[in-house]
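**Q** One structure coming up, written as structure tokens, with questions to follow.
The values are calculated or read from the model by the stated rules, or taken from the named source; none is laboratory data. In this text, all values refer to a predicted model and were calculated from it rather than measured experimentally. Here Cβ is always computed from backbone atoms with ideal geometry, including for glycine, and neighbour counts include all displayed protein chains.
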Amino acid sequence: MLCLPPSVLIVKLCHISFKKLGRAPFTTGFLLQGETVKAEMMQHETLLLKDERWRSIPCCRSELCLDIVLNCGQSFRWHETSKGHWTGVIASQVWTLTQTEDRLWYRTYRELDGPGKNLYPKDGNVSMTVHLKAKLGKRKRTLELQEKVSEAKHEPIETLVTTCDQDSNTGDDGQSMKDKDILMDYFQLHVGMEELYEQWSQTDSFFKKAATKFPGVRVLRQDPRECLFSLICTSNNHITRISGMVERLCQNFGPLLCTLDMKHYHDFPSLQALAAPDVEARLKELKFGYRARYIQQAAQQILEKYGPHWLDSLRHVTYEEAKKALRTLPGVGDKVADCVCLMALDKTDAVPVDTHVWQMASQNYLPQLGKESKTLTPKVYREIGDTFRNRFGTYAGWAQSVLFCSDLKRFKGVQEKPRLKTEKQKGDGKGNLKYLVKQEPH
């Protein structure tokens, strides 16, 4: 049975058991004031007080805002699996990330060896989310309770549905340090954004205005292969559709990493997989259109002409050399090349220019552009990039990213979101309760 705190003793239990797990999400029912409630066992983790399976590194919100950085079109593989919690793939591993005021929290999911493994770690504890939903009589509204199962009886499961083992805190300092290094590198946390924001705000009033609403916007350091082929999909496209295309690309050509709540997480495809002769036809069936040919031909050209490590080697040449090299690939123009240089190849002064940035530059920095040119010509493209570099310096591409996010429609009217607390919340005044659920030993 479940141990519930006094704040939720109004709940009258009819039946609920986590002993036998079926297909995820696991659903059961009980009565809440005479109404039917459904509970779903979720395997995507959410942060809860004293859950030792979560690890963290110091990082305040002014240095990193996950809700913007993971949702602004840099990477297309992150999904908000619950409020403020983002699940995606970094370095061939599945992660869930969230943050509190001064820390970045993360969970990793390890692949199991095969069927028959216990779902629970060896210490007998499991940390999963249970979502409870109830229709409250004639009031026609739904009460949602988000729970945590933190303790469960350790027993084998005959039929394993989940293919991920949730990383337990077993004292593996080597793996823990490796994970922290991966996050530090991915978010480039060695770069101090507060200092850069202050510097840019002092020299640019337009940036200062944007900075007040968009703190913690930084540039990711992505795998060059993933970054390049994801960005080839961006031509004449929008973020939602691009995310779907990248997802299908990984599902059909990348190896499976694990499954959570019946959602499959795949690694990004290898160059060899993308260069296969049948890739173009298969991608066209997956609604990639003309981009299908670019993807297959670009992968083939890299392998045949430059070698499998060529993209990584571009991190060690100048910005101009890297951009020129990328421009030789099918489907890669100035903007895609600059995006790859900025987001994967360590070229912090690369400034990608699209219609958003062009309009922004015309309105705030180069008013003559709107009168002299009706299209984004190569000359105008270079002029805008040089303007940003002269104004913002070595990290001009990072400054442009802040301004770009401030101009995105999806972030219009952005307001400060409620902070995740590291202490137990009894309620928010709207009928939403959060509490710890424990399963007692049988």
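**Q** Working only within segment 240-289, note down all residues that are touching a His at 6+ places or on another chain (Cβ under 9 Å) and not aliphatic (A, V, I, L, M).
**A** S243, E247, C250, Q251, N252, F253, G254, P255, C258, D261, K263
**Q** Of the numbered conditions (1) assigned to a loop (DSSP other than H, G, I, E, B); (2) assigned by TED's automatic domain parsing to the domain that holds H309, P215 fails exactly one; give the number of that condition.
**A** (2)
**Q** Name the single residue that is farthest from Y106 (Cα to Cα) among those in segment 58-70 being in a loop (DSSP other than H, G, I, E, B) and out of contact with any Lys or Arg (no Cβ under 7 Å at 6 or more places or on another chain).
**A** S62
**Q** Here's a follow-up. So in segment 340-397, with the set limited to residues that are acidic (D, E) and in a loop (DSSP other than H, G, I, E, B), which one is nearest to S205 (Cα to Cα)?
**A** Going through the qualifying residues, I end up with D349.
**Q** H266: under 30 Å from E45 (Cα atoms) and at pLDDT below 95, yes or no?
**A** No.
**Q** Then there's this: Residues that are under 20 Å from S75 (Cβ atoms) and surrounded by fewer than 14 Cβ atoms within 10 Å (Cβ to Cβ): does segment 299-319 have at least one?
**A** Checked segment 299-319: at least one residue is under 20 Å from S75 (Cβ atoms) and surrounded by fewer than 14 Cβ atoms within 10 Å (Cβ to Cβ).
**Q** Anything in segment 71-94 that is of a type in the set (S, T, N, Q) and assigned to a loop (DSSP other than H, G, I, E, B)? List them, or say none. Talk me through it step by step, then tell me what you get.
**A** Applying the first criterion (of a type in the set (S, T, N, Q)) to segment 71-94 yields 71, 74-75, 81-82, 87, 92-93.
Correct list: N71, Q74, S75, S92.
**Q** Considering only segment 252-282, state which residues are of a type outside the set (D, E) and touching a Leu at 6+ places or on another chain (Cβ under 9 Å).
**A** So the first thing to find is which residues in segment 252-282 are of a type outside the set (D, E), and the list is 252-260, 262-266, 268-277, 279, 281-282.
Of everything in segment 252-282, those that are of a type outside the set (D, E) and touching a Leu at 6+ places or on another chain (Cβ under 9 Å) turn out to be N252, F253, C258, H264, Y265, H266, F268, P269, L271, Q272, L274, A275.
Per-residue answers, yes or no, for (1) over 21 Å from D407 (Cα atoms); (2) in a helix (DSSP H, G or I):
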| site | (1), (2) |
| --- | --- |
| S176 | yes, yes |
| V191 | yes, no |
| T234 | no, no |
| Q251 | yes, yes |
| C258 | yes, no |
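**Q** Here's another thing I want to ask about it. Can you find, within segment 54-78, the residue that is surrounded by the most Cβ atoms within 10 Å (Cβ to Cβ) among those that are out of contact with any Leu (no Cβ under 7 Å at 6 or more places or on another chain) and under 19 Å from P255 (Cα atoms)?
**A** Per the stated criteria, the residue is F76.
**Q** Could you please let me know if S230 is surrounded by 16 or more Cβ atoms within 10 Å (Cβ to Cβ), closer than 29 Å to Y306 by Cβ and either modelled with pLDDT under 85 or small (G, A, S) (or both)?
**A** yes
**Q** Anything in segment 79-98 that is hydroxyl-bearing (S, T, Y) and crowded, with 18+ Cβ neighbours inside 10 Å? List them, or say none.
**A** Answer for segment 79-98, where residues must be hydroxyl-bearing (S, T, Y) and crowded, with 18+ Cβ neighbours inside 10 Å: T81, T87, T96, T98.
**Q** It is to be established whether one or more residues within segment 187-199 are acidic (D, E), at pLDDT 95 or above and surrounded by 14 or more Cβ atoms within 10 Å (Cβ to Cβ).
**A** no
**Q** Could we say that L329 is assigned by TED's automatic domain parsing to the domain that holds S243 and assigned to a helix (DSSP H, G or I) here?
**A** No.
**Q** Just to check your reading of the model, which residue among E52, E63 is modelled with pLDDT under 95, farther than 27 Å from R225 by Cβ, of a type in the set (D, E, K, R) and over 16 Å from the mean Cα position of the chain (by Cα)?
**A** Answer to the selection: E52.
**Q** Can you name every residue in segment 260-273 that is assigned to a helix (DSSP H, G or I) and hydrophobic (A, V, I, L, M, F, W, C)?
**A** Result: L271, A273.
**Q** Identify all residues within segment 351-378 that are within 13 Å of D407 (Cα to Cα) and acidic (D, E); write none if there are none.
**A** Answer for segment 351-378, where residues must be within 13 Å of D407 (Cα to Cα) and acidic (D, E): just D354.
**Q** Something else about it: Name every residue in segment 336-371 that is buried (at least 19 other Cβ atoms within 10 Å of the Cβ) and either under 19 Å from I239 (Cβ atoms) or touching a strand residue (DSSP E or B) at 6+ places or on another chain (Cβ under 8 Å) (or both), in order of residue number.
**A** V336, D338, C339, V340, L342, M343, A344, P352, V353, V357, W358, M360
**Q** Conditions first: (1) surrounded by 19 or more Cβ atoms within 10 Å (Cβ to Cβ); (2) in contact with a Cys (Cβ under 8 Å, 6 or more places away or on another chain). L408 passes all but one, so which condition is the exception?
**A** (1)
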